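The values are calculated or read from the model by the stated rules, or taken from the named source; none is laboratory data. Keep in mind that this is a model prediction, so the values were computed, not measured. All Cβ positions, even for glycine, are placed from backbone atoms using ideal geometry, and neighbour counts span all protein chains on display. Side chains are part of the model used for accessible areas, which takes the heavy atoms of the whole protein and leaves out ligands, DNA and RNA. Shrake-Rupley method; radii C 1.70, N 1.55, O 1.52, S 1.80 Å.
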Amino acid sequence: MNKTSAGTGTIAGGRLRWGILLAVTALVLAGAGIYAAGAYQRFEESRRATSSVEVTAGQPLPGVPFVLFRNTADGQGYGNAATVPLSAPGGTRAVSDQACDRVYAAAATVVCLRSNRGLVTTHETSVLNRDWRQERSWPVPGIPSRARVSADGSLIATTVFVSGHSYTQAGFSTATEITLPGGGTGNLEDFALIVNGERLLASDRNIWGVTFAPGRSDVFYATAASSGRIWLVQGSIAARTLTAIHDNVECPSVSPDGTRIAYKKNVGGPLAAHWNVALLDLETGTETVLSEKRSVDDQIEWLDDQTLLYGLADDTTEGDSNIWKLPTDPASQPSLFIEHAWSPSVVR
């Protein structure tokens, strides 16, 4: 065979291999698209089935006080924001048509962090009014994790995972923003982080889990981490600062009277996290670990000044969860508060 024919054969063989590769790639993508479409259809059909709990639909936000949460009961309204009166947490739940991964509310302002799933999944923050109508929305750069609203409804805090999807995962990265009245935002990565009186300039900072101080419009708390260390920080919106005030506090939640912080405390190490529920007295710095033995990976909510709420995955059903309550007395034990529910928010 001469060089010309050999070269032509090599080129033809290369084109054939590329053609086969492209054909196989097209078949794989088509199969993935068909599977995704089928899975989405099955998911939508399951959400239209009869609910496993008593529900009503199409109701506006009830009169205060009430509990807002993500409904995780099988059937109609799975994954949607729902409410029950605070006086009847186990009663009929009013389920909205708004699907949310994380939900929180104050002063008739509902913030809904959600994932819009499809061949390309996107994530957004949606602000809803008391009739569940969307008033505004904006994209967020990752998987929804935490949300909070200030007591007057003017400030909205969101945390998402930019990389990773769990606080137990090595190398996770978060993005946390506070949205101001009028729609402006403040990315907490841009705030000055002050530790032991000095500004920390490390580039590996993560900020997550904002909670707003009641009656103090400029003050919030959050978790900050860098170089393997974790702090509770007190933030100032006006000064754009985050000042470390205590170690090893994750996902803080300030009490209604503003005197204590409830949080999850990791006692299992960075790669095998186990989070206990703990309290910090802001005046004395005294820490109290409560009786819950299960690992609580949630941002705790206060039912009142003496009782906490948090979500735990259901032990028997994938995709389901339950909300538990725990008195702040260290001798008390947790009890079930709302079955088939997640992301509690007490609206007073």
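Numbers at a glance
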quantity: Using a Förster distance of 51 Å, the FRET efficiency for D315-L16 (Cβ separation, nearest 0.05); calculated: 0.40
quantity: Listed residues R70, R133, R146, most fluctuating in the chain (Gaussian network, C-alpha, under 10 Å); calculated: R133
quantity: Peptide ranges 195-203, 249-257, 266-274 listed from the most packed, as the mean C-beta count within 10 angstrom indicates; calculated: 249-257, 266-274, 195-203
quantity: Karplus-derived HN-Hα couplings along segment 211-223 (A = 6.51, B = -1.76, C = 1.60, θ = phi - 60°), whole Hz, x at Gly and Pro; calculated: 9, 8, 6, x, x, 9, 5, 9, 10, 9, 10, 7, 9
quantity: Förster-model FRET efficiency, 41 Å R0, S163 and D218, C-beta, rounded to 0.05; calculated: 0.85
quantity: Charge sum, other residues only, whose C-beta stays under 14 Å from G228's C-beta, Lys/Arg counted +1 and Asp/Glu -1; calculated: -1
quantity: Share antiparallel - DSSP beta bridges, segment 188-259, percent rounded to 5; calculated: 90 percent
quantity: Extension gain, H274 back to L119 (0.36 nm per residue minus Cα-Cα distance, nm); calculated: 52.4 nm
quantity: Between segment 161-188 and segment 274-348, the alpha-carbon center distance in angstrom; calculated: 23 Å
quantity: Where no second cysteine Cβ lies under 4.7 Å, the cysteines concerned in the chain; calculated: C251
quantity: Portion, in percent, of the accessible area of segment 71-146 that falls on carbon or sulfur, probe 1.4 Å; calculated: 49 percent
quantity: Among beta bridges that DSSP assigns inside the chain, antiparallel share in %, nearest 5; calculated: 95 percent
quantity: Computed over the chain: relative contact order in percent, which uses C-alpha pairs under 8 Å that are six or more apart; calculated: 12 percent
quantity: Residue with peak Gaussian network fluctuation, the chain [Cα springs, cutoff 10 Å], from V103, V120, V84; calculated: V120
quantity: All-pairs Cα distance distribution in the chain, expressed in whole percent, bin size 20 Å; calculated: 28, 52, 13, 6, 1
quantity: The chain - accessible surface per residue (Å², probe 1.4 Å); calculated: 48 Å²
